[in-house]
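Below is one structure; the comments refer to it alone.
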Amino acid sequence: MGEKVFMKGNEALGEAAVRSGCRLFFGYPITPASELAEYMAYRLPQVGGVFIQAESEVAASNMIYGAGAAGKYAMTASSSPGVSLMQEAISYMAGAEVPAVIINLIRGGPGLGDIQPAQSDYFQAVKGGGHGDYRNLVYAPSTLQEAVDLMPMLFQNAFKYRMLAMMVVDGLVGQMMEAVEFKYDIDPDSIPVPDWALSGKKMHGGKKNVNTSLELDPNKLAEHNFKLFEKYQKVYENERMFEAFELEEPDIDVMIVAYGTAARIIKTAVKNLRAKGYKVGLFRPITLWPFPDKELKEYAEKTEHILTVEMSMGQLIEDVKLSIFDPNKKYHLMPYPGGIVPTPKEVEDKVIEILKGGAK
Amino acid sequence: MLKDVIFAGFGGQGVMVAGQILAKAAMEKGYYSTWLPSYGPEQRGGTANCTVMISDEPIASPLTHAPTYCVIFNNPSFQKFEPMAREGGVFIYNTSMITEKPTRDDVTYIGIAATELAEGMGSVKATNMILLGALTYFLQDVVSLDDIIAAMREKLGKKKPELADLNEQALRKGFELASEQAKK
Amino acid sequence: MGNLQVVYEVPKIYTGPNHYCPGCFHGIIHRVIAEILQEEGWDDISIGIAPVGCAVLAYDYIDIDWFEAPHGRACANATGIKWAWPDRLVFTYQGDGDAASIGFAETSYAAVRGVNITTIMVNNAVYGMTGGQMAPTTLVGMKTTTSPYGRDPKYAGYPVKMAEHIAQFEGTALSVRVSAFDPQHVLDMKKWIKKAFQYQMEGKGYTFIEVVSTCPTNWRMDPVKAAEFVKNEMIKVYPLGVYKDVGEEKKEG
Amino acid sequence: MPKKVRGVLTIREDLCKQCGLCVSVCPVHILDFSKTKINSKGYRPIELTDPDKCVGCAFCAMMCPEGVIDVYREIVEVAE
């Protein structure tokens, strides 16, 4: 443990799940997430785990729904079109309070789109792609190392709050190779089976457990919804994560807001702009839900210009504006749809243009 | 220090693995390195390229808009990357496959008939190693030819030990040809 | 010098170059479909449904109208198209993963309903485009990227035999398994695809052609070896033949 | 003079992917990959090693996934 290994992102994500104590993976091939399933097919049998290739993403997501209800760490991974198919199970799991982990390696959409890195499933992930009122925990690491470091937390928080934890990355994280370090290796036998799990009556005091998302009485269903949202409020209070990069000074020329791969690239732009004397910083949400809105608002006090750079057509910027809630700020958007990845140069040019007053 | 390298060609030409060997060799030397692929949908014959970044500090962006080092395997990649190549950079290309002619005077061109040379050595599969060997000549402040050979043997030696010696020969050949051309 | 007499010309509506790997049967099957459509003059009234998988770009290779389906849903999309234009020639072109795994329900229900469309399912025992994962049709013991220790029936079950499965439905007019590993079988394949299209034009019901095919890239074989593997191994598990043919017995009014 | 039927092939070299299916089915073994040419895709395209022996059976064209080959026949006079 602790050794640096040169690995492909998808394989490192798989290894991170195994070391988080996950022994159940259900998946269906899709580019650019297939290598994660391939890694699990190779790795899980070595550690007494089970890899099942489902007949579809609808089935794969319902398999983690079952395994989560049975009280075990279970995971699936897919890319955008596949995650759209998983919305059924995602909504049901929210209703039935079943924990599990889904990784979405987002690719360009809508529809089949392409297979290039994108962030256009932001709304689907944080605003709910399935039906009903619910929230998912959504983590958006910016580097492979961060994704690996976050992985145990996804499983643990999924079980702590009995909700779905989703990691949104993109094909760039999945396909890229770099050195990663695994700092943990959790024994699955050390993970307690929750008393709500479907494990046979004798495991939990002889009283039957029923797992359902059905509640025909509207009053009771309303009560269930209020209860869910009390839980989500707790998650909001405890689990917001972000990074403030080069945002120490009281006055900032331009604050860039970005997450995931876009944020990683923008760090290069920030460094280059700093070298030229521009006071530019990056605010990077690590959790997309709960969104670090209070923190973003505080940092926004330091600047007039807020530039959102996202690999989508203006999804993140809605939460940015909602968080800052100040019509006097100048909001700028650099949208990169379709699987196009920003380059540091483009972002640098845009910042300089904003400061010259050319940009609206 | 930041070295940015693009390898580009058709899928199946060994473009990706050449980049992986370089990135791995750099990591073994204690540098930060990233390898980032870009594929078309095809399993074979489509365009494919990868970007390798090597630095002595953590790499933020794994992408470059103006690669300093280009290793080019086919015509479409030549057309795409020649205008993007960084001023003062090195542009290595496979003249067996590329009919395009160099148009810039601010880039060092190294043209090698790598496919024919590889065929002559025993396998067309060693084409990529000849070109990687040529690139290594220009990256000696980061990785030596021996480092690349060691990384190649670790990456390919297990699966195809019979090809490892040929690949080593190919790496050496490319290195030698690049040094000759660079001195001219 | 005598006059040149045409023996074979590549159909004009077969438009390449294609993106398939060297030696992939997809090209042969596309070419044969193009031959039939051109020879019968059906190209003006045909609508193809392309799948997700290696043939996702099929619409670039045959010069007819095409629809690009979501993964597995081709037969459902085709059902909609057919009921919008009942007299058109509507066919789905799918892989085994598409038609027999994620689209198993849609494919089966086209047969259940006897939708008057044709499915051409290319069975090469792997997911080709995504990089050689196990397919529903992967042979027991066969190594793929998601069955690295060989397909184990304990976890992955057994090969899905679509031609037999589709034959059981009353709505099926024709269910045949063919291959393309030598010229004779290519001609045989052409005969049965043509018959399927004819049945469709006569309104006989759902027609299904399974083509036992290769994946040289993911099987890690050269194309000639891969064709031999089909001939010697694949068709042991997937016997070629006619599993249902209503012939003249069933005709709608 | 006696006459015989001879096959004539049109080969679109640039489409060839050197898969060898045609080579494997040629009954008179007169197809092979070019030793001298590399096409723009990087493959060595097929060529006829002995055009006079072609019988015009079209097996090669039947098996070609890329639509590289058209097949014609002509009657030629042969010296005895």
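The values are calculated or read from the model by the stated rules, or taken from the named source; none is laboratory data. Worth saying up front: this structure is predicted, and the values here are computed from it rather than measured. Counting neighbours? That spans all protein chains shown, and the Cβs are built from the backbone with ideal geometry, glycine included. What goes into the accessible areas is simple: the full protein's heavy atoms, side chains included, and nothing from ligands, DNA or RNA. Shrake-Rupley method; radii C 1.70, N 1.55, O 1.52, S 1.80 Å.
General remarks:
- Sorting the segments A:308-320, D:51-63 by their mean number of nearby beta carbons within 10 angstrom, highest to lowest, gives A:308-320, D:51-63.
- Under 20 Å from the Cα of A:Lys183 - lysines, other chains or at least 8 residues apart: A:Lys4, A:Lys8
- Residues whose amide H falls under 5 Å from that of B:Tyr93, counting only those 5 or more places apart or on a different chain, are B:Ile72, B:Ile110, B:Gly111, B:Ile112, with hydrogens built in the peptide plane.
- Accessible surface of chain A [probe 1.4 Å, protein heavy atoms]: carbon and sulfur percent: 53
- Overall form of the stretch A:26-141 per C-alpha gyration tensor (a/c, 1.5; a/b vs b/c): oblate
- The distance between label points at D:Thr10 and A:Ala275 comes to 5.8 nm (points 7 Å beyond Cα on the Cα→Cβ vector).
- Ordered from highest to lowest accessible area with the whole protein assembly present and a 1.4 Å probe, B:Met1, A:Met255 read as B:Met1, A:Met255.
- Sorted peptide list for A:47-60, A:26-39, criterion being average Cβ within 10 angstrom, highest first: A:26-39, A:47-60
- Candidate aspartates and glutamates - alpha carbon under 16 Å from C:Lys231, same-chain residues fewer than 8 apart omitted: C:Asp182, C:Asp188, C:Glu210, C:Asp222
- Peptide B:50-63 - average C-beta neighbours from other chains (10 Å radius): 5
- Linear extension gain, A:Phe229 paired with A:Ile340, 0.36 nm per residue minus alpha-carbon span: 36.3 nm
- The C-alpha atoms of chain A define a longest principal axis, and helix A:57-69 lies at about 70 degrees to it.
- Partner shielding of D:10-23 amounts to 5, given as the average count of beta-carbon atoms from other chains within 10 Å of each residue beta-carbon.
- Fraction of accessible area attributable to carbon and sulfur, the stretch C:26-252 (%, probe 1.4 Å): 52
- In the context of the full set of protein chains, residues of the stretch A:4-239 present 37 Å² of accessible surface per residue (probe radius 1.4 Å, heavy atoms only).
- Charged side chains reduced to their Cβ positions (Lys and Arg at +1, Asp and Glu at -1) give the protein assembly as shown a dipole of some 1140 debye around its Cα centre.
- Rolling a 1.4 Å probe across all protein chains gives A:Thr261 an accessible area of roughly 0 Å².
- Per residue of peptide A:267-275, the mean number of Cβ atoms on other chains within 10 Å of the residue Cβ is 2.
- Calculated P(r) of chain A - Cα pairs past 32 Å, %: 32
- Evaluated with a Cβ-only charge set (Lys, Arg +1; Asp, Glu -1), chain A carries a dipole of roughly 380 debye about its Cα centre, given to the nearest 20.
- Amide hydrogen neighbours beyond the local backbone of A:His332, cut-off 5 Å, H modeled: A:Ile306, A:Leu307, A:Thr308
- 3J(HN,Hα) along the stretch C:126-132, derived from phi through the Karplus expression 6.51 cos²θ - 1.76 cosθ + 1.60 where θ = phi - 60°, amounts to 8, 7, x, 5, 7, x, x Hz, with x in place of Gly and Pro.
- Percentage of interatomic Cα-Cα distances in the protein assembly as shown larger than 55 Å: 16
- Extreme residue, positive dipole direction of chain C, given options C:Pro136, C:Leu240, C:Ala55 (C-beta unit charges): C:Pro136
- Note on B:Ser179 and B:Met1: their simple-model spin labels are 1.9 nm apart, each label 7 Å out from Cα toward Cβ.
- Positive-end ranking of A:Val347, A:Met93, B:Ser55 along the dipole of the protein assembly as shown, with charges on Cβ about the Cα centre, is headed by A:Met93.
- Förster-model FRET efficiency, 25 Å R0, A:Glu353 and A:Lys321, C-beta, rounded to 0.05: 0.75
- Measuring r between the beta carbons of C:Leu4 and C:Asp188 and using R0 = 25 Å, the FRET efficiency lands at 0.35.
- Shape of the stretch C:1-159, Cα gyration tensor, a/c cut at 1.5: oblate
- Checked against a 32 Å cut-off, the cross-linked pairs C:Lys225/D:Lys53; C:Lys82/C:Lys191; B:Lys24/D:Lys35; C:Lys194/D:Lys37 give Cα-Cα distances beyond that limit for B:Lys24/D:Lys35; C:Lys194/D:Lys37.
- Pair C:Asp60, A:Leu112: separation of 7 Å Cα→Cβ label points (nm): 1.1
- For the stretch D:3-77, the Cβ-based charge dipole about the Cα centre amounts to some 80 debye (Lys, Arg positive; Asp, Glu negative; other atoms uncharged).
- Surface share of carbon and sulfur [accessible, 1.4 angstrom probe, percent] for chain D: 54
- Taking every Cα-Cα distance in chain D and sorting them into 5 Å bins starting at zero, the pair-distance distribution P(r) comes out as 3, 17, 26, 23, 15, 8, 5, 2, 1 percent.
- Residues with amide H under 5 Å from that of C:Glu68, placed H, sequence gap 5 or more: C:Ala50
- Three-way shape label, chain B, alpha-carbon gyration tensor, a/c 1.5: rounded
- By average C-beta atoms within 10 angstrom, highest first, the peptides C:20-30, C:74-84: C:20-30, C:74-84
- Order of exposure, largest accessible area first, which applies to C:Arg151, C:Arg220, A:Arg162, B:Arg86 with probe 1.4 Å: C:Arg220, B:Arg86, A:Arg162, C:Arg151
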